[in-house]
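What follows is a structure written as structure tokens; I'll ask about it next.
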Amino acid sequence: MTDARCAELRDIAGDVSRETFDSLVELDRLLHRWNVRINLVASSTISESWRRHVLDSAQLWPLLDGVADIADLGSGGGFPGLVLGALLTERPGGTIRLIESNRKKAAFLQTVTGELGIPARTIAERIERAVAEIRAPQVITARALAPLSDLFELAEAWFAAGARGLFHKGRDYEREIEESTDKWQFDLIIHPSRIDVRSVVLEVSNVKRTG
């Protein structure tokens, strides 16, 4: 099973080290342990956590070539933030900021980053405050957090500073794109999910209000 999981990870994320793979296996184990006490991910998905959460997050890695500074909005159970943080250990100077206002979830994020040596900083604040106080990252990520238009609103200052967004979206992504064009203009690349045929990753850049 371990070798099969490693092969799955490398198929999704590329040639990652065995050490990084081991960190992600341990992350998955810690998720199961903490999820008994804290609702980090839906109970209906925990039995498939490696694919539904770890690999689903890792598919962003090939889209982050050369990126060393990431901010993950509403990190929750750590997806995609903790997975990307583990992968960033292979990139000199790489760092990710995990923004999560829920104190219990933030405690989980801090514990995991400490135990696994992930180059991450957990910010236990509301997203609006964090965006106002912290310099813009190169890339913003978010998974199952808010509609696309709301994500633009939350991180407007960072987009204005040139940040790019990578957002997991489900089957209603076309409606979200259409609704967001009422207020926003942006460049868009749609990446089909490697994990779920009903999902996509939206890559957005040059985000600006229309009026």
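Classify region 1-105 as rounded, prolate or oblate, taking a ≥ b ≥ c as the square roots of the eigenvalues of its Cα gyration tensor: rounded when a/c is under 1.5, otherwise prolate if a/b is larger than b/c and oblate if not.
Values: a/c = 1.98, a/b = 1.15, b/c = 1.72.
Judged from the Cα gyration tensor, region 1-105 comes out oblate (a/c at least 1.5, b/c at or above a/b).
Testing the spin-label approximation: label points 7 Å from Cα along Cα→Cβ at ALA124 and ALA161. State their distance in nm.
So the two model labels end up 2.4 nm from each other.
Enter the accessible area of THR45 (Å², nearest 10), with the probe set to 1.4 Å and all protein chains included.
10
Modelling each spin label as a point 7 Å along the Cα-to-Cβ direction, I'd like the ARG10/SER149 distance in nm, to one decimal.
For the pair ARG10/SER149, the computed spacing is 4.6 nm.
A further question follows. So, by mean Cβ neighbours within 10 angstrom, what's the order for 160-171, 67-78 with the highest one leading?
Those peptides, ordered most packed to least, come out 67-78, 160-171.
Could you pull out every whole DSSP H run in the chain that spans at least 18 Å of Cα extent along its own axis and averages -1.0 or higher on the Kyte-Doolittle scale?
For the chain, where a helix must reach 18 Å along its axis and average at least -1.0, the hits are 18-35, 103-116.
A follow-up question, please. Could you give the radius of gyration (one decimal) and Dmax (whole number) of the Cα atoms in the chain, in Å?
For the chain, the Cα-based Rg and Dmax read 16.2, 54 Å.
Separate question: Counting Lys and Arg as +1 and Asp and Glu as -1, what is the net charge of the other residues whose Cβ lies under 15 Å from the Cβ of GLU176?
-2
In addition: Any lysines with Cα under 20 Å of the LYS169 Cα? List them, leaving off those in the same chain fewer than 8 positions away.
LYS183
Label-point separation (nm) for ARG29 and GLU90, each offset 7 Å from Cα along Cα-to-Cβ?
So the two model labels end up 2.1 nm from each other.
The values are calculated or read from the model by the stated rules, or taken from the named source; none is laboratory data. Values in this document were obtained by computation on a predicted structure and should not be read as measured data. Cβ: placed from backbone, ideal geometry, glycine included. Neighbour counts: every protein chain shown. In case anyone asks, the SASA skips ligands and DNA or RNA and just uses the protein heavy atoms, side chains included. Shrake-Rupley method; radii C 1.70, N 1.55, O 1.52, S 1.80 Å.
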